[in-house]
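Take a look at the structure set out below.
Every number here is computed from the coordinates shown, using simple stated rules; none is lab data. Given the structure is predicted, the values throughout are model-derived calculations rather than measurements. For neighbour counting, all protein chains shown are included, and Cβ atoms are generated from backbone atoms with ideal geometry for every residue, glycine included.
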């Protein structure tokens, strides 16, 4: 399996080539090159998955963990060293497939979406960089390699959010994303260092003998690592960057901020799962509560947003909340006894990546057609864009959890896991699932049904997107239709043993009813052109509506804390100290030498013979001194 | 021996006096040569009278003559360049680089 190194090297080469040649390369050539490379990577990933899972289980009933390629990079002495390598195990292989598929689709799609944009080559170069770093993140052999690629992913996300660098909001959004995630990564780094210090290695599976002495600090280290994961995965209260990140090009939102990068936090927790479950189950349950709150918060906010990409962004936050909850409610490593959530979370990650990418790409088509993100510019689009309409509907049904689409299966497993943990958690998550159905169908009706914005459409008739944009939609829709039937538990489960998924029909029926209720309410409120009910409700609960529309003022709170408290009370005095004391001392040194120079400058008369006199006088003086002593 | 040393001392101070009072670069160069030659004489004299069996002093004076020849060549090259640029080799006018 040594060829797996190519999965990392090819996108990197493509990044270097496109990035260095930049505008010397024709846009078409750059795009084709990037797409072909990603296609090869996708093919290699499929082949890897096929041969890995086809290789069969070993005697213990596990898929063997393979390290086909490894290099010691930074030895620190002792057992502590940082390696760079490739690790294949069920979840990393699964992630390879997800990332390369979505990345490939986005590459194709961007041909149509980004056509004629300035910086087309730059865009493809960054996409390649992102693909490389995300793939490197999932195949990391140790926590430090993961951290390196984690930061690379953050950088490429920053670059792509700020792609339209002449737009003020885009720059602000990219900075916000970078700073917030960087701030969270500080926790991650400290966690890694504590982990490395007490266990003496950066490996994911340290010796159990070593852990004995590190038991006290392991929960702290894992908790800090989760903060890093929460930053990337936009968990409350570090979620503020994700809605703003929608300023980037829509395919980027689909790839980075829906399908792959934002689930890195989930992947991190899943990767550290054996340690979490073995040594810090309390921390794991805390993550569950954080996830549940995030899911609820984001779902409520998503119900009232008017920008379609913002709705999808909050929906993403909510769904990631689902995955984190699902991991957090695990109580043992055995999938039959409380370890179901692990499998459910990974399954939902897989299906969510597909249908959320589909939703974003569909939203991209719509934005492409009406040149606006606002719902008010849409309505009645089903006549103009049949392909987008159907695929969008498929994705909405999937995320709402309707049988037999993929979302149903994974969400059902998550709900079953939650009910297994505590009934309260189960009901809360079921309620959020209903909310999900509601806001997705609100979005759907507002875009494709309802009142048409005649004035806007008269100027510019919406039209179906070109083939390069619809083919990825159709492909992802097909995946969304059938991915639920993948026997996922056979491949991925919390202890590696095969787990046969069986649908708990009591839970499934409840969630189906709730989803159907959500859809029905959305239909009742938004299908008709006048939307009397919706407007009436908004007017009646105007305070709540306004608060939710402003995302419960979390951004304003951040603004207040950073500007009024941190900047005003801490940073300003420090800045004053730096300006006046540190700089002042340096300035004083410079001033002193300046003054001394003024004093002696008269000696530089430019008269050679005067110099001669001074020289002779000095030499004589020295001689006299030497003679006397 | 003293006579030789008196001659070299006189040459030395004549050279220093010339170096400090002449205004012309060429004249100053000649004065510097006088100083160097007085030192050469000293070398030879001390070698001849104090260590007659050895030759270091002679060699040193040969070295010094060789070096001073090279140094003169460099100095004259510099002076010629100064003259080309400024049309003048009066030393009091050469104060372009002062602060």
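Working note: Debye formula, equal point scatterers on the alpha-carbon atoms of region A:503-629, no solvent; log10 I(q)/I(0) at q = 0.09, 0.22 Å⁻¹ is -0.69, -1.21. In units of the compact-protein estimate 2.2 N^0.38 Å, region A:533-585 shows a Cα radius of gyration of 2.06. On a per residue basis, the convex hull of the C-alpha atoms belonging to region A:95-186 measures out at 86 Å³. Convex hull volume of the C-alpha atoms in region A:136-261, normalised per residue: 89 Å³. Would you kindly give the portion of the calculated P(r) for region A:482-543 that falls above 20 Å, as a percent of all Cα pairs? Percent of Cα pairs beyond 20 Å in region A:482-543: 58. Taking only the Cα atoms of region A:172-222, the ratio Rg/Rh comes out at 1.18, with Rh defined as the Kirkwood radius. For chain B, pairs of C-alpha atoms spaced more than 20 angstrom apart make up 49 percent of the total.
Legend: ranking of residues A:225, A:235, A:586 from fewest to most surrounding C-beta atoms inside 10 Å; resulting order A:586, A:235, A:225.
Put a dot 7 Å past the Cα of residue A:471, heading toward its Cβ, do the same for residue A:32, and the two dots end up 1.3 nm apart.
Here the translational diffusion coefficient of region A:22-101 follows from Stokes-Einstein with Rh set to the Kirkwood radius across Cα pairs; for 25 °C and 0.890 mPa s it amounts to 160 µm²/s. Helix A:281-302 and the long axis of chain A differ in direction by around 70°, with both axes built from C-alpha atoms. I need the Debye-formula profile for region A:297-394: one equal scatterer per C-alpha, no solvent, reported as log10 I(q)/I(0) at q = 0.11 1/Å, two decimals. Result of the Debye calculation: -0.43.
With n ≥ 4 as the cut-off for DSSP H runs, can you work out [θ] at 222 nm for the protein assembly as shown, using -39500 (n - 2.57) per run divided by the number of residues, rounded to the nearest 500? Helix contribution divided over all residues of the protein assembly as shown: -23500 deg cm²/dmol.
Using a ≥ b ≥ c from the Cα gyration tensor of region A:437-510 (square roots of the eigenvalues), is it rounded, prolate or oblate, where a/c under 1.5 gives rounded and otherwise the larger of a/b and b/c decides, a/b for prolate? It is oblate, given that a/c is not under 1.5 and a/b is not larger than b/c. The alpha-carbon positions of region A:149-194 define a convex hull whose volume is 41 Å³ per residue. Using every pair of separate Cα atoms, the Kirkwood estimate puts the hydrodynamic radius of region A:304-353 at 11.7 angstrom.
Against the main long axis of the alpha-carbon atoms of chain A, helix A:406-421 sits at an angle near 80°.
For a modelled paramagnetic label at residue A:186, 7 Å from Cα along Cα-to-Cβ, no residue of region A:288-319 is in reach, as no backbone nitrogen comes under 17 Å. Peptides A:339-349, A:616-626, A:143-153, A:5-15 ordered by packing proxy, namely the average of other Cβ atoms within 10 Å per residue, highest first: A:339-349, A:143-153, A:5-15, A:616-626. Over all Cα atoms in chain A, the spread is summed up by Rg and Dmax: 29.2, 113 Å.
Sorting the Cα pairs of region A:192-307 by distance into bins of 5 Å, from 0 upward, gives 2, 11, 19, 20, 16, 11, 9, 6, 3, 1, 0, 0 percent per bin. Once the chain from residue A:482 to residue A:208 is taken as fully extended at 0.36 nm per residue, the excess over their C-alpha distance is 94.5 nm.
Using every pair of distinct Cα positions in region A:1-56, the Kirkwood expression returns a hydrodynamic radius of 12.3 angstrom. Here the Debye sum runs over all C-alpha atoms of region A:387-516 as equal scatterers in vacuum, and log10 of I(q)/I(0) at q = 0.18, 0.21 Å⁻¹ comes out as -1.02, -1.22. With a/c under 1.5 counting as rounded, go ahead and sort region A:123-175 into rounded, prolate or oblate using the C-alpha gyration tensor (a ≥ b ≥ c being the square roots of the eigenvalues; past the cut-off, prolate if a/b is larger than b/c, else oblate). It is oblate, given that a/c is not under 1.5 and a/b is not larger than b/c. Counted by neighbouring Cβ atoms within 10 Å, the residues A:276, A:53, A:63, B:13 run from fewest to most as B:13, A:53, A:63, A:276. Inter-chain neighbour count for A:599-606: the average number of beta-carbon atoms from partner chains within 10 Å of each residue's beta-carbon is 3.
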